[in-house]
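First the structure, in the form of structure tokens, and then the observations on it.
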Amino acid sequence: MNNPLLIDSDLPMFSDILPEHVEPALDAVLEASRYKITELEALGDDVSWDSLVMPLQEMSDQLNNMWSPVSHLNSVMNSDELREAYTRGLDKLTAYYTELGQNKNIYWAYKKLAKSEEFLTLSRAQKTTIENELRDFKLAGVALEGDDKQHYSKIKQRLSELCTQFSNNVLDATQSWFKQIAESKKLKGIPDNNIALFAQAAEQKKLPGYVIGLDIPSYLAVMTYAEDQSLREEIYRAYSTRASEFGDEKLNNTALIKEILALRHTLAQLLGFDNYAELSLATKMAEECDEVEKFLLELTEKSKPNAEQEIKDLQLFSESLGNKENLNAWDIPYYSEKLKQKTFSISQEELRPYFPIDKVIEGLFSITKKLFGIDVVAAQTNVWHSNVKFFNIQKSGKTIASFYLDLFARDNKKGGAWMASCRARYLNQDQKLQLPVAFLVCNFTPALGGKPSLLTHTEVVTLFHEFGHGLHHMLTKMDVAAVSGINGVAWDAVELPSQFLENWCWEKQALELMSSHFETGQALPDELLNNLLAAKNFQSAIQMLRQVEFALFDFKLHENYNPQDTISVQEVLDAIRGQVAVLIPPTFNRFQNSFSHIFAGGYSAGYYSYKWAEVLSSDAFSKFEEEGIFNSATGLHFLENILERGGSEKAMALFEKFRGRKPEITPLLRHSGIC
């Protein structure tokens, strides 16, 4: 039987992929790659773009095309068998990339090419690719010898294992906990559609009554609307202690965090950096640790007075409703929603009927057509679940990219929302153009009780955010895979297009395109629309400080790590909260144990990137505010200077080409209502 992961086709055949296919397919691709590397090592002086870089890019693309569906299925259709195959495959991939990164012969071949006359004739994208490769060789330990080289390889292997285990523990801890409730009166205040979801969950588990899990739609529904304070507290405790000592010890991430930090510190020092934060910045826009910290503390200084007033207002409001205590962590979302409703006569649940998923998607596509001149057309292909949709992006009637859309929460699917690459745009050695393909994933509440899936406005913003990432990946014009789409983009700039697109969710002209009542087709009433816009910056300073807290914790944790230090991770987090936060969680909160962004994702010593890129995105959008939010010339300018250019040039240079100057922080503060 043919292995579907090795079939040379434009798109994966997901329905044919089984866990037992993973390792044989990966072994075959890695064997072919290693054989090709042996050939390339013998190039001698015959080094050129075509003889060296193109074969290596072809190998990398083949490996990505084989592995991307495996990695994706592990996130959206997880099973014990697939998880085991994925983990074993990841170990092999880590070993392969470590070998390649430390291959001195290939490194010297790149150095020869960089010093050659041909280099001067190459395109900017090609030059950047070579420059990035030389940098990455150094960061992969190509200069290490003997024991240090072996030590580096073992650390990379172990870190891969630990980060995968961290992610698995969070998923398992989230899915293993649930609360059964016999009577609906315990759910008073919670919207009907969420109660229907709880009833459906109980039915699936063959239990009477209702079942509440820790998936985001369920968690937020309870925390925001449940009148029963004891229920809110119970769900909060379960969610905020996931993968910690308060649950199944097999799923406790505490020891993993400690080992991950120690290994990252050792890795950085092996490469000549003082700490892992310095190593992280080697591939980012920000150049110095002090620069990052100064940026985050400036946001703190600007935001904290507003945040302190927001908390005072909330406390007073809760007292007016009979709350006689200081606000607990599980009270804050509940009373915040009540205060928002009272102040602005608006609630997310009141908005839901006006944001049926199909209308939101229609509006999203219409907006991007106005901005970038693209059409999004539904198409058919093989998918992994019946809820998944597939689309082609066309320009002037010609398909230029495609994407999968997987929007709804379900069992065995990782929480959160993300965009990932299925295929990168790439012109291969035979001059055949591979078009970019993206995975776009969210975890919204599915259709229930004969009603379509109805989104909160917050979920609408999430969808626009991920589609912004997708546009960055799909609208690229780069033919070199290494700098195509999001490839090669500095990590603290990669959020620019995603956060940029969110802005249209707050514009009246745009909202009219994406909203109408799911039953009557009635437009979002002016009163509701105006209240929504007025409430945009409700508690925005609190939210700003929350993100700064996470970012500073992440950065200081990696910058100040000392193996001789007895200070615990919790103590570092507590100290940051004492400096920044206006909301101090209870002592049992173990937020860090499920902080997958930094312990299982790509944001280690880089979580600040969200706020860094938000400065860029707010400033970029301010140009549209000046020239018209649907100004096609401005949209084309953004397309040509940001989206199409991928990682071919430094992010700051591309931003300056679009904006005509360096970024300024004022638009972010203004958009947040802080100044």
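Key figures for this structure:
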| read-out | value |
| --- | --- |
| Those residues of segment 465-493 which are under 13 Å from the mean Cα position of the chain (by Cα) and of a type outside the set (A, V, I, L, M, F, W, C), in sequence order | H465, E466, G468, H469, G470, D492 |
| Scan of segment 280-320 for residues that are of a type in the set (S, T, Y) and within 25 Å of the chain's Cα centre (by Cα), ordered by number | S280, T283, T300, S303 |
| Qualifying position, being open to solvent by 40 Å² or more (accessible area, probe 1.4 Å) and free of Cβ contacts under 8 Å to residues at least 60 places away in the same chain, among E640, E614 | E640 |
| Lone qualifier among N323, N275 - being modelled with pLDDT under 95 and either hydrophobic (A, V, I, L, M, F, W, C) or open to solvent by less than 30 Å² (accessible area, probe 1.4 Å) (or both) | N323 |
| Index of the failed condition, A551 passing every other in (1) buried (at least 22 other Cβ atoms within 10 Å of the Cβ); (2) without any contact (Cβ under 8 Å) to a residue 40 or more places away in the chain | (2) |
| Within segment 1-105, helices (runs of 4 or more DSSP H) holding 3 or more residues that are within 23 Å of Q150 (Cα to Cα) | 19-41, 80-101 |
| Extreme residue, surrounded by the fewest Cβ atoms within 10 Å (Cβ to Cβ), among residues of segment 356-388 that are part of a strand (DSSP E or B) and touching a helix residue (DSSP H, G or I) at 6+ places or on another chain (Cβ under 8 Å) | D375 |
| Subset of segment 509-525 [acidic (D, E) and either at pLDDT below 95 or outside any helix (DSSP H, G or I) (or both)] | E519 |
| Given (1) open to solvent by 10 Å² or more (accessible area, probe 1.4 Å); (2) closer than 17 Å to I367 by Cβ, index of the condition S421 fails | (2) |
| From the options S280, S366, S345, residue that is touching a residue at least 24 places away in the same chain (Cβ under 8 Å), touching a Leu at 6+ places or on another chain (Cβ under 7 Å) and not charged (D, E, K, R) | S366 |
| Per-region count, segment 666-675, residues part of a loop (DSSP other than H, G, I, E, B) and either in contact with a Leu (Cβ under 8 Å, 6 or more places away or on another chain) or among the basic types (K, R) (or both) | 1 |
| Members of segment 389-407 found to be open to solvent by 30 Å² or more (accessible area, probe 1.4 Å) and either under 19 Å from N443 (Cβ atoms) or of a type in the set (F, W, Y) (or both), listed by number | K389 |
| Residues being surrounded by fewer than 18 Cβ atoms within 10 Å (Cβ to Cβ) and touching a Gly at 6+ places or on another chain (Cβ under 7 Å) - total across segment 90-135 | 1 |
| Subset of segment 564-580 (residues that are within 16 Å of T254 (Cα to Cα) and among the β-branched types (V, I, T)) | T566, I567, V569, V572 |
| Residues that are open to solvent by less than 70 Å² (accessible area, probe 1.4 Å) and among the small types (G, A, S), drawn from segment 136-162 | A140, G141, G146, S153, S160 |
| Selection status of E84, among the acidic types (D, E), open to solvent by 70 Å² or more (accessible area, probe 1.4 Å), in contact (Cβ under 8 Å) with a residue 40 or more places away in the chain and out of contact with any Ser or Thr (no Cβ under 8 Å at 6 or more places or on another chain) | yes |
| Of all residues in segment 335-347 being within 30 Å of R590 (Cα to Cα) and out of contact with any Asp or Glu (no Cβ under 8 Å at 6 or more places or on another chain), the one that is most open to solvent (accessible area, probe 1.4 Å) | K338 |
| Subset of segment 568-590 (residues that are among the aliphatic types (A, V, I, L, M) and surrounded by 13 or more Cβ atoms within 10 Å (Cβ to Cβ)) | V569, V572, L573, A575, I576, V580, A581, V582, L583 |
| Test set (1) touching an Asp or Glu at 6+ places or on another chain (Cβ under 8 Å); (2) under 30 Å from G628 (Cα atoms); (3) not in a helix (DSSP H, G or I) - P353 fails condition number | (3) |
| Candidates R242, R264 - the one that is over 23 Å from N562 (Cβ atoms), charged (D, E, K, R) and in contact with a Phe, Trp or Tyr (Cβ under 9 Å, 6 or more places away or on another chain) | R242 |
| Cross-chain or 6+ apart pairs with Cβ under 7 Å, segment 187-205 first and free of Cβ contacts under 8 Å to residues at least 60 places away in the same chain, then part of a loop (DSSP other than H, G, I, E, B) | L187/A226; K188/E227; K188/D228; G189/A226; G189/E227; I190/A226; A202/P208; A202/G209 |
| Qualifying residues in segment 226-252 (those that are part of a helix (DSSP H, G or I) and open to solvent by less than 30 Å² (accessible area, probe 1.4 Å)) - the one nearest to E337 (Cα to Cα) | R232 |
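For (1) open to solvent by less than 10 Å² (accessible area, probe 1.4 Å); (2) under 24 Å from L220 (Cα atoms), each residue gets a yes or a no:
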| position | (1), (2) |
| --- | --- |
| L471 | yes, no |
| A481 | no, no |
| V494 | no, no |
| N503 | no, yes |
| E507 | no, no |
| E512 | no, no |
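The values are calculated or read from the model by the stated rules, or taken from the named source; none is laboratory data. What you see is a predicted model, and the numbers here were worked out from it, not measured in a lab. For neighbour counting, all protein chains shown are included, and Cβ atoms are generated from backbone atoms with ideal geometry for every residue, glycine included. What goes into the accessible areas is simple: the full protein's heavy atoms, side chains included, and nothing from ligands, DNA or RNA. Shrake-Rupley method; radii C 1.70, N 1.55, O 1.52, S 1.80 Å.
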